[in-house]
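Trainee: Below is a structure I'd like to ask you about.
The values are calculated or read from the model by the stated rules, or taken from the named source; none is laboratory data. Small disclaimer: the values here were computed from a predicted structure and weren't measured. Counting neighbours? That spans all protein chains shown, and the Cβs are built from the backbone with ideal geometry, glycine included. Side chains are part of the model used for accessible areas, which takes the heavy atoms of the whole protein and leaves out ligands, DNA and RNA. Shrake-Rupley method; radii C 1.70, N 1.55, O 1.52, S 1.80 Å.
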Amino acid sequence: MSYADVAASGPKQSPQEAAAPRPPQIIPSETASTSSLIDVDTPSVRTVPSDFLEQDVQTETQEKRKELEDAAARARAEADLSKKKAATKARKADNALTKFFSELSDGASTALVATNLAAVVGVSAYLGYKALGLYERGRLTWKNVGIGAGVALSVGLFEAALGGYIYKGKKKGEKK
């Protein structure tokens, strides 16, 4: 049985019910106003100077755009200046650390490297021991593993940075 058959078997509509509703009618009660139209014979029509096209700024919109572009250029210049100042400060700090490590004697720098290595191995061993204890008790979770990995990573990064400065300092000290 099709949809058309089911629809045909229902109650019948009168022709008035089946017809589409009438569209609303617009009643013109107002006349068109011509007061907003510009009459070219009246003095309200403005003219522009003959050198209008040769002016740098011809409209208010252009003037605002140029002001915004100038403000953006000033902001970019200030940002570049602050970046250069920050880079200079970072370079000074880097040079100070390099100078400090270059002035260390060979024995002191070797002791510092050995202490640094021992600290990394010690922290790693301690974290491994704690992880093993948690694993044996069944309480080792991904959160614990993530915290341990984060601690090991931060210690490793510190060790790498310190080692880099020691290397640069000793390299700089050899050139003297």
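Trainee: State, as an integer percentage, the relative contact order of the chain based on alpha-carbon contacts under 8 Å between residues 6 or more apart. Spell out each step's value before the answer.
Mentor: Numbers: 43 pairs, mean separation 46.5, N = 176.
After rounding, I find 26 percent.
Trainee: Go through the range 12-27 residue by residue and turn each phi into a ³J(HN,Hα) via Karplus (6.51, -1.76, 1.60, θ = phi - 60°); whole Hz please, and just put x for glycine and proline.
Mentor: With the stated coefficients, the range 12-27 comes to 7, 9, 6, x, 5, 6, 6, 6, 6, x, 6, x, x, 9, 9, 9 Hz.
Trainee: Please say if the range 96-160 is rounded, prolate or oblate, where rounded means a/c under 1.5 for a ≥ b ≥ c the square roots of the C-alpha gyration tensor eigenvalues, and otherwise the choice is prolate for a/b larger than b/c and oblate otherwise?
Mentor: Details: a/c = 7.95, a/b = 2.68, b/c = 2.97.
Here the range 96-160 falls in the oblate category.
Trainee: Using a probe radius of 1.4 Å on heavy atoms only, what accessible surface per residue do you get for the chain? Whole Å² is fine. Write out the running numbers ahead of the final one.
Mentor: Working: 15410 Å² over 176 residues.
The answer is 88 Å² per residue.
Trainee: Continuing with this model, one more query. What's the magnitude of the charge dipole for the chain around its Cα centre, counting Lys and Arg as +1 and Asp and Glu as -1 at the beta-carbon? Answer in Debye, nearest 20. Spell out each step's value before the answer.
Mentor: Working: 25 positive and 21 negative charges, 427 e Å.
Once rounded to the nearest 20, the dipole reads 2060 debye.
Trainee: To the nearest 10 square angstrom, how much accessible area does VAL48 have with a 1.4 angstrom probe?
Mentor: VAL48 exposes around 100 Å² with every protein chain in place.
Trainee: If you place +1 on the Cβ of every Lys and Arg and -1 on the Cβ of every Asp and Glu, how big does the dipole about the Cα centre of the range 84-176 come out, in debye to the nearest 20? Display every interim value, and only then the final one.
Mentor: On the way: 16 positive and 6 negative charges, 130 e Å.
Here the size comes out at about 620 debye.
Trainee: What order do you get for 15-25, 108-118 when each peptide is scored by the mean count of other beta carbon atoms within 10 Å, highest first?
Mentor: Working: 15-25: 6.3, 108-118: 13.0.
By packing density, highest mean first, the sequence is 108-118, 15-25.
Trainee: Shape call for the chain from the C-alpha gyration tensor, a ≥ b ≥ c root eigenvalues: rounded (a/c under 1.5), prolate (a/b greater than b/c) or oblate?
Mentor: On the way: a/c = 7.52, a/b = 1.62, b/c = 4.63.
The shape class here is oblate.
Trainee: Give a residue-ordered list of calculated ³J(HN,Hα) values for the range 126-141 (Karplus: 6.51 cos²θ - 1.76 cosθ + 1.60, θ = phi - 60°; whole Hz; x for Gly, Pro).
Mentor: Ordered by residue, 3J(HN,Hα) equals 4, 5, x, 5, 5, 5, 4, x, 5, 5, 5, 8, x, 10, 7, 10 Hz.
Trainee: How much accessible surface does LYS171 have with a 1.4 Å probe, in Å² rounded to 10?
Mentor: Rounded to the nearest 10, that gives 100 Å².
Trainee: Right, here's the next one. Need one value: the accessible area of SER14 in square angstrom, 1.4 angstrom probe, rounded to the nearest 10.
Mentor: 40
Trainee: Follow-up question, since we're still on this one. Provide the per-residue ³J(HN,Hα) series for the range 106-117, in order, calculated from phi with Karplus coefficients 6.51, -1.76, 1.60 and θ = phi - 60°, each as a whole number of Hz, with x at glycine and proline positions.
Mentor: So the Karplus estimates, Gly and Pro as x, are 4, x, 5, 5, 5, 5, 5, 5, 5, 5, 4, 5 Hz.
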